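First comes the structure, then the notes that go with it.
The values are calculated or read from the model by the stated rules, or taken from the named source; none is laboratory data. Being a predicted model, the structure only gives us computed values, none of them experimental. Cβ coordinates were reconstructed from backbone atoms using ideal geometry, including for glycine residues, and neighbour counts include every protein chain displayed. Calculation scope for accessible area: heavy atoms of the full protein, side chains included, ligands and nucleic acids excluded. Shrake-Rupley method; radii C 1.70, N 1.55, O 1.52, S 1.80 Å.
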Number of protein chains: 4
Amino acid sequence: MQFIGPIKITGPIVNDEIVVPLATLESPLWPSTDRGARVSMQSGGIHAVIVDERMARSVLVEAPDAKTAAQVLTCLSARKHDIERVAQETSRFAKFLDIHFQIVANLLFIRLEMKTGDAAGHNMVTKAADAVLHWILQECPELSYVSVSGNYCSDKKVSAVNGILGRGKNVIAEMTVPGKICRRYLKTTPARIVDLNIKKNLYGSIIAGGLRSANAHFANMLLGFYLATGQDAANIIEGSQGFVTAQVRGQDLYFAVTLPNVIVGTVGAGKGLAFVEENLAKLGCREERQPGENGRRLAVIAAATVLCGELSLLSALTNPGELMRAHERLER
Amino acid sequence: MQFIGPIKITGPIVNDEIVVPLATLESPLWPSTDRGARVSMQSGGIHAVIVDERMARSVLVEAPDAKTAAQVLTCLSARKHDIERVAQETSRFAKFLDIHFQIVANLLFIRLEMKTGDAAGHNMVTKAADAVLHWILQECPELSYVSVSGNYCSDKKVSAVNGILGRGKNVIAEMTVPGKICRRYLKTTPARIVDLNIKKNLYGSIIAGGLRSANAHFANMLLGFYLATGQDAANIIEGSQGFVTAQVRGQDLYFAVTLPNVIVGTVGAGKGLAFVEENLAKLGCREERQPGENGRRLAVIAAATVLCGELSLLSALTNPGELMRAHERLER
Amino acid sequence: MQFIGPIKITGPIVNDEIVVPLATLESPLWPSTDRGARVSMQSGGIHAVIVDERMARSVLVEAPDAKTAAQVLTCLSARKHDIERVAQETSRFAKFLDIHFQIVANLLFIRLEMKTGDAAGHNMVTKAADAVLHWILQECPELSYVSVSGNYCSDKKVSAVNGILGRGKNVIAEMTVPGKICRRYLKTTPARIVDLNIKKNLYGSIIAGGLRSANAHFANMLLGFYLATGQDAANIIEGSQGFVTAQVRGQDLYFAVTLPNVIVGTVGAGKGLAFVEENLAKLGCREERQPGENGRRLAVIAAATVLCGELSLLSALTNPGELMRAHERLER
Amino acid sequence: MQFIGPIKITGPIVNDEIVVPLATLESPLWPSTDRGARVSMQSGGIHAVIVDERMARSVLVEAPDAKTAAQVLTCLSARKHDIERVAQETSRFAKFLDIHFQIVANLLFIRLEMKTGDAAGHNMVTKAADAVLHWILQECPELSYVSVSGNYCSDKKVSAVNGILGRGKNVIAEMTVPGKICRRYLKTTPARIVDLNIKKNLYGSIIAGGLRSANAHFANMLLGFYLATGQDAANIIEGSQGFVTAQVRGQDLYFAVTLPNVIVGTVGAGKGLAFVEENLAKLGCREERQPGENGRRLAVIAAATVLCGELSLLSALTNPGELMRAHERLER
């Protein structure tokens, strides 16, 4: 575990300079992300917002045939309020948001989405899904149970559905870096970063057969941050499916990261551990706040950290040989 | 960290009963994976093979136009032996395997693939790629540097290229579970697991907009195993893109996991740590062996562990309510 | 142009025996699809339902930064009724259904979804989107125009969004084929078709890096049908992203095709042509019906035709050499 | 059918001004593509190259288990020359290029790639695959037949494999458009097209969950061209998976389209028809040339046509309201 920063963060959720713990075995990640943090201090800070938050679980049932599955779909679509009530009764903290359906022949996938306060919410939504599933099987005797999770959730697996329908916190962090700071700290120019982002993160990811992903290494920062704060780090899989935006604006660089699936919590499994509690406290996520606020705070800091690491690596890559030299020096 | 098993493993690489360390915050993962391990002991064991191994890095250069890029492609295709030589000179351990190209207009992505012995090989192949890049820029003055990594590699990011061209060890682990064992230990039947795998792992992943992925939770076991053995755990992203196969064979269940991208090593960053060394020793990966054999051993054990955890979860999901009850009991 | 069938179709939309025109240069397609049609006549027919219908267009605007884009999103989300009104005013036939947003840094994609009666609806929804775009730019002066189509629509392009949020008619066609009919007409057994579907359409598509697609050749039948009925045949691209389900049920075969994106209409561009009018009349799509009913009828017939062609090809593929022989005989 | 152009094309394959037939029901496509053609005449022309050409078919066999499948893979990998010989004996025109394998548990997918002269090559490669399949089943009695096509080919279906391993002709067409021409003919500027391409074709396609695709409407031009020249138009599915590149260069616009999967031929099914022969003759594809040259000529013209239509639509989209007005005017 090492601490990087402070990172300067602004916006409706965090307005602070934050020192961030990163647990990683890839040692060049620390100084690199730290460089991004220093830029944030010199640049007016990273502004971050959350545009959506929800946790999802999809149950899977089957009908004898598509004809029946379609009838059930019509029926359930008309009874969303009942489903909401059943889901809502399972938790004081979770709030029902929405439900989505998919039919494949006689299979019916039902995706339940809830707001889960300060918890990442895997268990809350599974509990609600379990109750909804039970209720549906009672109400629709023509259906049979297949699974409480039908992979349309989709947890810790590559998917498009999580980005399109939402799962976790959808966070955007952005910063404007003066050209001078770009050159002094990042040893590059706005134009070169913009160019690299288009050629590597956009075209490169597309031809690699990527899926809703355009970044260099979001996964590295997310892993280090998730491990340091007691998250279920396997959720870096959907977390890594995010986008970098870089634009030249006058003399400056506009640089943003969009992370539609930041799945973090400040309560729940993994939280009691001493180092986790200490880190959450240092991050200001152990204050008395409205439910959900500490969780959102954590998500925003995660995204800002990702921005720092991504900006620094892209900068390094614009200079031939810099990455290799850093690895050789730091991994000795 | 907890230890599960022993898992019984057979095949050309491992023939042993292995106790496996898993580092995870999701506590139900231990007893669940352990149940799969017990089944392996009762079932003649998990047979595992490796069908490919390589590490890749793609550099990115650009020409003034596609016309020139196409000419350079023709030229470089004819000089594979030179490229091989340049790559080969950077390491005593790495062995050049292949090179692939992609052109997008004036951009040229060059993907270098090497066998990297007992190392996961990120640095080895980056070093070789760096040398090849340098050589290419010298030989083809019409080209310009863009990046030593062009995202066609593709490291820690969702892609199709890693499965199709190969990156990491391509491991398949399989087991035949007698129907009786299925019922006694897994509380289910071969037919129900086969049915669930088709409906959840295949159809469910497909409609979620998955990409080369058909499993329930490979990521969980990989994360726990990678953390316990000093791997770069962000590589669970490509690692999670694998497939489950389940077939009824007479009274028995044939169950297999195919993991095309297991990226592990027994040497390199993260290895000197005390708990890592201890775990690698327990796993039998600190013996004197031919270069590459310890790495392959580790990959095979990873895949067998994934099989245990996947089989156990799928079994639990065939029984309504079982998963929820396990989480509630174990996460208290 | 050739006519195949009649196909026997049942269900809430079509209850009839229908002769279907197919325009194709791949001549083996006719006898093959015709074989499927004969099976439908011997098997109680193909039951078909529509579980959703909508047409979508996404406009693209940009804010100075993500902070502003997020504020606009909040504002627009609260004004869905205004957007509905603006969209609704552009057409007597189209009916506003829903709106979805995606933010990438400062970019805001707004996906408008409407029910478009008997038209495929490209133009209707573009017209509505154009009006909504105009209104949004007036109401939110902080936004700038980028494009009336932002590729999040997504028209005639591979995507996951069309299947998840819906675009076109979501049709499911299913049939139960007695084992005896399977053997007599299709020269195969239920078990062999089920087995082939799993291995080829599910695993094969997954390892090919497919996206929300599990079928052998939906595109062939859709192309022939679209060309024969005056559709914009480039919409076979999303149309081809559908799924085959095959299950052994007792002695019989349950066989279904799920086509989430059948984009067809009985009015609009391409309809006045003589052969088109003749074909639409033969298909019973020139009757006086409630708005939308002729369009739905056409979509159901398309799906039933796809089922016939898919079932027949899969059957042929279960027999080594049959496909090759058919091509050699028929393409002389 | 309508004729657009002439398009000015340069490069190693075509050096000519070509009038191109387009068969489409979407009438605005003609004037729009024609506008692109006029720009080519004013801009020094479209330079086009082919960087790869091959046709693929993957057979599918199965072993009792992965252990055996892996052994067979080793064995077949060592016998590539035998496979080449068997494939080669099936045709005077086709030339064996490469073979690729994928294993999923006990399934073995074998992808055969051949150069097929002037034919698109579906049948040639299927015939060769059929022979190879027969030979493999004889040589490896432990294998069983599953299918002569295993969807790893992949024909007329969305995939990543076709772009990564190649299928059809990989064509790149590029043009530099002077700023003045941009403004006069396209009513826009280089900077606005570059900006739109990034925001719509790159980000928009990525968030739509696209797969190896970044364009506005390649499918439209391909469909019209394929229908006019007797191609199997269902191959627009892989054809549509291509990329647009736009860059500001000084005062000018650099604009390129990369189409990795143009599947066309000048011989084979669909060719004898009168209008097809006439069109092929007009396109200069009925000259006596070396085998393959007429096919390549056709592919290059297809790509140039795609460039014209794509450039023109993107230009129109940069101007609010232009697209809607064009549709309203032209579809009356």
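Can you tell me which residue is farthest from the chain's Cα centre (by Cα) among those in region D:215-268 that are open to solvent by 10 Å² or more (accessible area, probe 1.4 Å) and acidic (Asp, Glu)? For region D:215-268, the residue satisfying everything is D:252. Taken together, the residues in region B:166-191 that are surrounded by fewer than 24 Cβ atoms within 10 Å (Cβ to Cβ) and of a type in the set (A, V, I, L, M, F, W, C) amount to 2. Of all residues in region A:269-285, those being in contact with a Gly (Cβ under 9 Å, 6 or more places away or on another chain), at pLDDT 95 or above and surrounded by 20 or more Cβ atoms within 10 Å (Cβ to Cβ) number 3.
Any idea which of (1) facing another protein chain (nearest Cβ under 9 Å); (2) without any contact (Cβ under 8 Å) to a residue 40 or more places away in the chain is the one residue D:92 doesn't satisfy? Condition (1) is where residue D:92 drops out. The residue that is farthest from residue D:67 (Cα to Cα), among those in region D:131-143 that are surrounded by fewer than 24 Cβ atoms within 10 Å (Cβ to Cβ) and within 10 Å of chain C (Cβ to nearest Cβ), is D:131. Residues of region D:28-45 that are part of a loop (DSSP other than H, G, I, E, B) and closer than 18 Å to residue D:317 by Cα: D:28 alone. Residue D:196 meets the conditions (1) part of a helix (DSSP H, G or I); (2) in contact with an Asp or Glu (Cβ under 8 Å, 6 or more places away or on another chain); (3) not charged (D, E, K, R) in every case but one. The failed one is (2).
Looking across region B:41-82 at every residue that is in contact with a helix residue (DSSP H, G or I) (Cβ under 6 Å, 6 or more places away or on another chain) and polar (S, T, N, Q), the one that is least open to solvent (accessible area, probe 1.4 Å) is identified as B:43. With the condition kept exactly as written, say whether any residue in region D:187-208 is modelled with pLDDT of 95 or more, among the aromatic types (Phe, Trp, Tyr), under 19 Å from residue C:161 (Cβ atoms) and assigned by TED's automatic domain parsing to the domain that holds residue D:21. Yes. If you go through region D:1-27 and pick out every residue that is under 15 Å from residue C:270 (Cα atoms), of a type outside the set (A, V, I, L, M) and either within 11 Å of another protein chain (Cβ to nearest Cβ) or part of a loop (DSSP other than H, G, I, E, B) (or both), you end up with 3.
Scanning region A:102-118 for residues being part of a strand (DSSP E or B) and either within 14 Å of chain C (Cβ to nearest Cβ) or open to solvent by 10 Å² or more (accessible area, probe 1.4 Å) (or both) gives a total of 10.
Please determine, by comparing only the residues of region C:28-37 that are away from chain D (no Cβ under 14 Å) and touching a strand residue (DSSP E or B) at 6+ places or on another chain (Cβ under 6 Å), which one is surrounded by the most Cβ atoms within 10 Å (Cβ to Cβ). Once the filter is applied, the top-ranked residue is C:37.
Counting the residues of region C:63-86 that are closer than 18 Å to residue A:300 by Cα and among the charged types (D, E, K, R) gives 2. State which residue is surrounded by the fewest Cβ atoms within 10 Å (Cβ to Cβ) when the search covers only region A:286-322 and only residues that are farther than 30 Å from residue A:189 by Cα and among the small types (Gly, Ala, Ser). Among those that are farther than 30 Å from residue A:189 by Cα and among the small types (Gly, Ala, Ser), it is A:292.
Inspection of region D:287-297 finds a residue satisfying the criterion of being touching a Phe, Trp or Tyr at 6+ places or on another chain (Cβ under 8 Å) and either assigned by TED's automatic domain parsing to the domain that holds residue D:206 or under 17 Å from residue C:156 (Cα atoms) (or both). Of the residues making up region A:64-101, those that are part of a loop (DSSP other than H, G, I, E, B) and modelled with pLDDT of 95 or more are A:64, A:65, A:78, A:79, A:89, A:90.
The set of residues from region A:192-202 being open to solvent by less than 10 Å² (accessible area, probe 1.4 Å) and at the interface with chain B (Cβ under 8 Å from one of its Cβ atoms) comprises A:196, A:200, A:201.
Scanning region A:162-178 for residues that are more than 15 Å from the chain's Cα centre (by Cα) and part of a strand (DSSP E or B), we see that the one that is farthest from residue A:97 (Cα to Cα) is A:177.
Considering C:45, C:36, C:11, the condition of being over 20 Å from the mean Cα position of the chain (by Cα) and under 25 Å from residue A:69 (Cβ atoms) is satisfied by C:45 alone.
Checking each residue in region A:232-290 for being of a type in the set (Asp, Glu) and within 14 Å of chain B (Cβ to nearest Cβ) picks out A:232, A:238, A:277.
Could you check region A:44-79 and list, in sequence order, the residues that are out of contact with any Leu (no Cβ under 9 Å at 6 or more places or on another chain) and among the hydroxyl-bearing types (Ser, Thr, Tyr)? If the condition is that a residue be out of contact with any Leu (no Cβ under 9 Å at 6 or more places or on another chain) and among the hydroxyl-bearing types (Ser, Thr, Tyr), then A:74, A:77 are the ones that fit. Exactly one residue out of D:219, D:228 is in contact with a Lys or Arg (Cβ under 6 Å, 6 or more places away or on another chain) and assigned by TED's automatic domain parsing to the domain that holds residue D:302: that is D:219. It is to be established whether one or more residues within region A:153-162 are surrounded by fewer than 24 Cβ atoms within 10 Å (Cβ to Cβ), facing chain B (nearest Cβ under 10 Å) and not β-branched (Val, Ile, Thr). No: region A:153-162 contains no residue that is surrounded by fewer than 24 Cβ atoms within 10 Å (Cβ to Cβ), facing chain B (nearest Cβ under 10 Å) and not β-branched (Val, Ile, Thr).
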